[in-house]
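Here the structure comes first, spelled out in structure tokens, and everything after it is commentary.
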Amino acid sequence: MMMKLGRSVGALLLITVLSACNVEVPAIDSAKVAQYESGKPQKTWELNRSEIAALSQWFQRHQDGWSPTFTTYAPGLNVVLGNAKRPVGGLNILGNRLVVNVERGQYIRELSPEEISSLRTLVRADG
């Protein structure tokens, strides 16, 4: 009985990992950025419409290569995504990794230095 349960859980985890390669960020009309240091927000700002549109396009180009993650991450550079005044997702940029939280779950992806640089520029983190 326990062996059967173990196989079922293992199969479920494998299916989850294999099926979660694509992440779609929902439509957004607001984005609030917070830069954290030592677990505390140091600076916050909101993105304008053109920056939100550019961020949405960035995600359309980067839907593949994601892995589900069940780890809790300390905040780095956080972006809360909203639609119709309610949160619909979030980003956490941590070095060369990006953690995305959407309704379907939490996912992580390692990014190239160019990808991280373009994303940080889009959210005005380096300016």
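Each value in this text was obtained by applying a stated rule to the coordinates, not by laboratory testing. Nothing here was measured: the structure is a model prediction, and the numbers come from that model. Cβ atoms come from the backbone with ideal geometry, glycine included; neighbour counts cover every protein chain shown.
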Partner aspartates and glutamates for Lys85 [C-alpha distance under 12 Å; skip if fewer than 8 residues away on the same chain]: Asp29
Gain on full stretching of the segment that runs from Glu103 to Gln35 - 0.36 nm per residue minus C-alpha separation: 22.2 nm
Label point 7 Å beyond Cα of Ser118 along Cβ direction - residues of segment 85-104 with amide nitrogen under 16 Å: 97-98
Estimated distance in nm for a label pair at Glu46 and Ala84, the labels positioned 7 Å out from Cα along Cα-to-Cβ: 1.9
Protection-proxy order for peptides 38-50, 95-107, each taking the mean of Cβ atoms within 10 Å per residue, highest first: 95-107, 38-50
Rg/Rh ratio calculated on Cα atoms of segment 35-115 (Kirkwood radius): 0.94
Gain on full stretching of the segment that runs from Tyr73 to Ala53 - 0.36 nm per residue minus C-alpha separation: 4.5 nm
